[in-house]
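Chemist: Please find one structure pasted underneath; my questions will follow.
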Amino acid sequence: MARIHFLTGNEGKLVEAVHHLGPLGHEVVHLSVDGIIEPQADDLETIARSKLEQARAHLPNPDDWLMVEDAGLFVEALDGFPGVYSSYALSTLGNHGLLRLLEHLQSEDLHVEAGLRRAEFKAVAALMTPEGVFIGEGSCLGRIAPAVDGEGGFGFDPVFIPRDLDLAGEPADIGVQGEVSTHGRTFAAVDMDLKGKFSHRTRALADLLTQLGTAE
Ligand code: IMP
């Protein structure tokens, strides 16, 4: 059991990490470091590892653990864009701008998840311990909605429709009604509890915990 310093500017992420890691006996505390540079890279893991390296000198005790978490929306028809640039794309293009980038797609692709509107939220949770770095990955499959839908959530929630999940929490086959479903609505149109069942972030933390269990 360790003290985990979580490098994040997002209060919601901190609450989520405390929720998952606290019951296992880990103490999660907030770490704020000025001047962290996000490197140019096309995958979340490289960025997360770079942030760990930059922040490690700021740990109060070298035996403490350090965690970062990064996420993004990867759209198939845009070769994975906005991906690692999701925050920037949200503040520049926004949800309407993203939809405009997909306007050229055939109308029959609009509702077909196997088609070009397929997209995925991905998250990486990276943890540095004295034994080494552990990387947890989580994803949420889905598609980009034909139009902005819903008032809730944040980021690209209003344009993302997750694929249904089966009873085990795995993505259901395309075209098959799953046990967990937003019924064609976006993340912004459903409540937080339902969105949480699909969460790429929760899955990344769970993957990390599985690895720690194996490593301890
Ligand atoms: P972060 O690395 O978790 O801060 O995520 C980077 C960006 O990806 C956010 O600013 C959002 O634009 C987008 N994003 C990540 N996760 C989500 C989500 O669950 N819903 C909507 N947008 C998200």
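The values are calculated or read from the model by the stated rules, or taken from the named source; none is laboratory data. Keep in mind that this is a model prediction, so the values were computed, not measured. Using ideal geometry, Cβ is built from the backbone for each residue, glycine included, and neighbour counts are taken over all protein chains shown. What goes into the accessible areas is simple: the full protein's heavy atoms, side chains included, and nothing from ligands, DNA or RNA. Shrake-Rupley method; radii C 1.70, N 1.55, O 1.52, S 1.80 Å.
Chemist: Restricting to the stretch 71-88, name every residue that is without any contact (Cβ under 8 Å) to a residue 12 or more places away in the chain and farther than 20 Å from Pro162 by Cα.
Modeler: Matches in the stretch 71-88: Tyr88 only.
Chemist: Here's a follow-up. Do you know which of the residues in the stretch 175-208 that are farther than 25 Å from Asp149 by Cα and open to solvent by less than 40 Å² (accessible area, probe 1.4 Å) is nearest to the ligand (Cβ to nearest atom)?
Modeler: Here the residue is Ala204.
Chemist: Report yes if Gly115 is part of a loop (DSSP other than H, G, I, E, B), within 11 Å of the ligand (Cβ to nearest atom) and either at pLDDT 95 or above or touching a helix residue (DSSP H, G or I) at 6+ places or on another chain (Cβ under 6 Å) (or both), otherwise no.
Modeler: Numbers: part of a loop (DSSP other than H, G, I, E, B): yes; within 11 Å of the ligand (Cβ to nearest atom): no; either at pLDDT 95 or above or touching a helix residue (DSSP H, G or I) at 6+ places or on another chain (Cβ under 6 Å) (or both): yes.
No; evaluated as a whole, the condition is false for this residue.
Chemist: What number of residues within the stretch 42-74 are more than 12 Å from the ligand (Cβ to nearest atom) and under 17 Å from the mean Cα position of the chain (by Cα)?
Modeler: Counting residues in the stretch 42-74 that are more than 12 Å from the ligand (Cβ to nearest atom) and under 17 Å from the mean Cα position of the chain (by Cα) gives 6.
Chemist: Right, here's the next one. In the stretch 1-37, which residues are farther than 11 Å from Leu66 by Cα, more than 16 Å from the ligand (Cβ to nearest atom) and in contact (Cβ under 8 Å) with a residue 40 or more places away in the chain?
Modeler: Those that are farther than 11 Å from Leu66 by Cα, more than 16 Å from the ligand (Cβ to nearest atom) and in contact (Cβ under 8 Å) with a residue 40 or more places away in the chain: Leu21, Leu24.
Chemist: Moving to a separate point now. Within the stretch 122-168, work out how many residues are open to solvent by less than 20 Å² (accessible area, probe 1.4 Å), assigned to a loop (DSSP other than H, G, I, E, B) and without any contact (Cβ under 8 Å) to a residue 60 or more places away in the chain.
Modeler: Final tally of qualifying residues: 1.
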